[in-house]
Amino acid sequence: MEKAQTNYKVASFAGVETAGRMTFKDMLDLSGSELSVNALPAGVSVPFTHWHKRNEEVYVILSGKGQFYVDGEEFAVAQGSVIRVSPAGERCLKADATSPLLYLCIQTEANSLVQATENDGVLAASKPSWL
Ligand code: ZN
């Protein structure tokens, strides 16, 4: 019998402060989402405003403080903030003058999720050594 295909991939965002942005769709063979990890130095803005044709985005602020812009509104975000933006929302993000910003952006097709969490998860027979 042929060995089963590996059911996982591991990547790292180490070095993102230098790279500025790392995307994981290709690194992890993601098939239903795009994940990026982004680092803005203190005082630096994403240099454009953008919107999406089909995808909503969830921004998760991992550390730092900044300002978020959507459709003419500006609001403060900080470590722990989670922001969902509809595809049509025109968005931009800036790190505060004294604080670099580290954040995830998860991009998925709007209205594509038909089940989640306990409606999709199934208890498995195998266990790790610590269970
Ligand atoms: Zn986007």
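Within segment 44-65, track down each residue that is more than 16 Å from the ligand (Cβ to nearest atom) and either assigned to a strand (DSSP E or B) or under 26 Å from Leu113 (Cβ atoms) (or both).
Leu62, Ser63, Lys65
Table: residues versus (1) crowded, with 16+ Cβ neighbours inside 10 Å; (2) in contact with a Lys or Arg (Cβ under 9 Å, 6 or more places away or on another chain).
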site: Arg21; (1), (2): no, no
site: Lys25; (1), (2): no, no
site: Asp29; (1), (2): no, yes
site: Ala39; (1), (2): yes, yes
site: Arg54; (1), (2): no, no
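Quick grid of which residues meet (1) surrounded by fewer than 17 Cβ atoms within 10 Å (Cβ to Cβ); (2) on the phi < 0 side of the Ramachandran plot; (3) within 14 Å of the chain's Cα centre (by Cα); (4) not acidic (Asp, Glu):
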position	(1), (2), (3), (4)
Ala76	yes, yes, no, yes
Gly89	no, yes, no, yes
Cys92	yes, yes, no, yes
Ala97	yes, yes, no, yes
Asn111	yes, no, no, yes
Gln115	yes, yes, no, yes
Gly121	yes, yes, no, yes
Ala124	yes, yes, no, yes
Lys127	yes, yes, no, yes
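Can you pull out the residues in segment 4-43 that are within 13 Å of the ligand (Cβ to nearest atom) and assigned to a loop (DSSP other than H, G, I, E, B)?
Answer for segment 4-43, where residues must be within 13 Å of the ligand (Cβ to nearest atom) and assigned to a loop (DSSP other than H, G, I, E, B): just Ser33.
Could you grab me the full set of residues in segment 38-74 that are closer than 22 Å to Phe13 by Cα, of a type in the set (S, T, N, Q) and over 15 Å from the mean Cα position of the chain (by Cα)?
Once the filter is applied, which keeps residues that are closer than 22 Å to Phe13 by Cα, of a type in the set (S, T, N, Q) and over 15 Å from the mean Cα position of the chain (by Cα), segment 38-74 yields only Ser45.
How many of the residues in segment 102-131 are outside any loop (DSSP other than H, G, I, E, B) and at pLDDT 95 or above?
8
Within segment 66-88, work out how many residues are within 11 Å of the ligand (Cβ to nearest atom) and farther than 23 Å from Asn111 by Cβ.
Qualifying residue count for the region: 0.
Name the residues in segment 89-109 that are within 18 Å of Arg54 (Cα to Cα) and either within 12 Å of the ligand (Cβ to nearest atom) or in contact with a Cys (Cβ under 6 Å, 6 or more places away or on another chain) (or both), would you?
Once the filter is applied, which keeps residues that are within 18 Å of Arg54 (Cα to Cα) and either within 12 Å of the ligand (Cβ to nearest atom) or in contact with a Cys (Cβ under 6 Å, 6 or more places away or on another chain) (or both), segment 89-109 yields Gly89, Glu90, Arg91, Cys92, Cys105, Ile106, Gln107, Thr108.
The values are calculated or read from the model by the stated rules, or taken from the named source; none is laboratory data. Small disclaimer: the values here were computed from a predicted structure and weren't measured. We place every Cβ from the backbone using ideal geometry, glycine too, and count neighbours over all the protein chains shown.
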